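Asks: Structure in structure tokens, see below.
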Amino acid sequence: MYYVPDGTDRCGFYECKECGNRFLDLKIVPSMVCPYCGEEPDMELGPDDEMPDTMESATLLKVLEGEEVEEYDTLLSLAITGGDFNWI
Ligand SMILES: [Zn+2]
């Protein structure tokens, strides 16, 4: 498994509308910060600093369960090396 640990039976399938990356994540939320182009909040900011806006540009396309998890993980990791997302 490339995106999620072996034995994962439920995960989210996301697409980033900024950079177009598709990926799997154990978290299942409507949208999240893209791990490829998004910025995590800077934890070194003091309490008086303004919280930076985080862009949750990756949105949940589908919740994958059971065999789908391994199927999508394999196809997505192949798509990285093959560079073709058209199979979806
Ligand atoms: Zn992105």
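What follows draws every value from the coordinates through simple rules; no lab data is involved. Remember, predicted model here, so these are calculated numbers, not experimental data. No Cβ is skipped: glycine too gets one built from the backbone with ideal geometry, and neighbour counts run over all protein chains shown.
Asks: Using 7 Å Cα-to-Cβ label points, what is the Cys19/Leu60 separation (nm, one decimal)?
Replies: The modelled label-to-label distance comes out at 2.2 nm.
Asks: Follow-up. Rank the residues Asp73, Asp6 as a footprinting-exposure proxy: fewest other Cβ atoms within 10 Å of their Cβ go first.
Replies: Placing the least packed residue first, the sequence is Asp6, Asp73.
Asks: Then there is this: Whole-Hz Karplus ³J(HN,Hα) for the range 28-39, in order, using 6.51 cos²θ - 1.76 cosθ + 1.60 and θ = phi - 60°, x for Gly and Pro?
Replies: The phi angles translate into 10, 9, x, 8, 8, 5, 5, x, 9, 10, x, 10 Hz.
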